[in-house]
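These notes are about the structure you will find just below.
The values are calculated or read from the model by the stated rules, or taken from the named source; none is laboratory data. These numbers were taken from a predicted model, which means no experiment stands behind them. Backbone-built Cβ (ideal geometry, glycine too); neighbour counts: all protein chains shown.
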Amino acid sequence: MNDKELIQKIRLLKQVNPREDWVLLTKSRILSQEEFSPSTSLRVNWLDILMLRWKPVVVAPILTVLVVFGLTFTLAKSSLPGDFFYPVKRMSENTQVNLSSEKDKPKVHLELANKRLEELNVIAEGNRVGNLAPAIKEFQDSLAQAVKDINGIQANTSSDPVLFQQIVKETKKLSENKEKVELLGVVIGDTKDLDNALAKLVEREINDLEGRILNEDQWALFAKSREEFGKGNYSSALEKILLINNH
C-alpha cells in the first residue's frame with residue numbers, strides 16, 4: 001500500500017460515525033470506573049476520617065456550654081436574694097420586663113414585687129438571716145417600679161377592664177403576702193407609695209364616673225366604691241369600679 005492509498009483510507013475512517021448506543025455505553029463505563037477508582041475512594045475515606053476526628057472537637061465544647069447554661073438557669077430559678085446565682089434570675093426577669101408592653105408593665109412589676117415577698121417568706125421560714133437585707137431591698141425596688149408604672153397610667157387608658165383586673169389581683173395578693181411575711185417578724189417597711197398611686201387612680205375614675213349617666217345597679221356599685229375609697233381600701237374600690245364598667 002503506497003502513501004496515496006493510506007491517506008485515502010484514513011479519510012474514509014474519519015467519515016465513519018459510531019452508533020449512538022455504543023457512545024452512551026462507553027461513556028457510562030468510563031464514568032463508573034472513575035467514580036470507583038482507588039484514588040477517589042481514598043479521598044472519600046480520608047474525608048470521613050477527618051470529619052470523625054473533628055466532630056468531637058467541635059461538638060464537645062458546644063454541649064458543655066449548653067449543659068452549663070442549663071444548670072445555671074436551673075439553679076438561678078430557685079435562688080434567693082444574696083445567693084450566687086440570683087443575678088442570673090434577675091437578668092431573666094429584666095428581659096421579661098423589657099419585652100412587655102407599657103400597658104402590661106404595672107402588672108409585671110406587681111408580680112415581681114409579689115415574688116420578692118414570696119422569697120422573703122422562704123428566707124424567714126428558713127431563718128436565713130444573711131439573705132434578709134438583700135431580699136428586702138429587692139422587694140422595695142420592685143415595689144417602687146410598680147408604683148412608678150401605676151402613676152404613669154394615662155387617663156384615657158385607665159378604665160381598661162383588663163388593666164383593672166390585673167392591678168386588683170396583684171395588689172390584693174401583695175397585701176396577703178406582706179401580712180404573711182410580717183407575721184414571721186420581718187419588717188419590710190410601709191407601702192404608702194403604692195397606696196397613694198392607687199388612691200390617685202381610683203379618685204380619677206370616681207371623678208369620671210360622676211359625670212356619667214349610670215343605671216340603678218351602677219349607682220349602687222359607685223356608692224360602694226366611694227365608701228371603700230374613703231376607708232383606704234383602694235383595691236376594693238377599683239374592683240367596684242371594674243364591676244360598674246361591666247354592667
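Which condition does GLY185 not pass, out of (1) in contact (Cβ under 8 Å) with a residue 40 or more places away in the chain; (2) surrounded by fewer than 20 Cβ atoms within 10 Å (Cβ to Cβ); (3) in a helix (DSSP H, G or I); (4) more than 25 Å from the chain's Cα centre (by Cα), if it passes all the others?
Against the list (1) in contact (Cβ under 8 Å) with a residue 40 or more places away in the chain; (2) surrounded by fewer than 20 Cβ atoms within 10 Å (Cβ to Cβ); (3) in a helix (DSSP H, G or I); (4) more than 25 Å from the chain's Cα centre (by Cα), GLY185 comes up short only on (3).
So in region 98-107, with the set limited to residues that are in contact with an Asp or Glu (Cβ under 8 Å, 6 or more places away or on another chain) and not in a loop (DSSP other than H, G, I, E, B), which one is farthest from ASP195 (Cα to Cα)?
LYS105
Taking region 124-138 as the search range and keeping residues that are in contact with a Leu (Cβ under 6 Å, 6 or more places away or on another chain) and not polar (S, T, N, Q), which one is nearest to LYS169 (Cα to Cα)?
ALA135
Need pairs with beta-carbon distance below 6 Å; first residue over 20 Å from LEU120 (Cα atoms) and at pLDDT 85 or above and within region 156-179, second part of a helix (DSSP H, G or I) and charged (D, E, K, R); sequence gap 6+ or separate chains.
What qualifies is GLN166/LYS107; VAL168/GLU239.
Condition check: in contact (Cβ under 8 Å) with a residue 60 or more places away in the chain and either within 23 Å of LYS173 (Cβ to Cβ) or among the aromatic types (Phe, Trp, Tyr) (or both). Does LEU238 satisfy that?
The answer is yes for LEU238.
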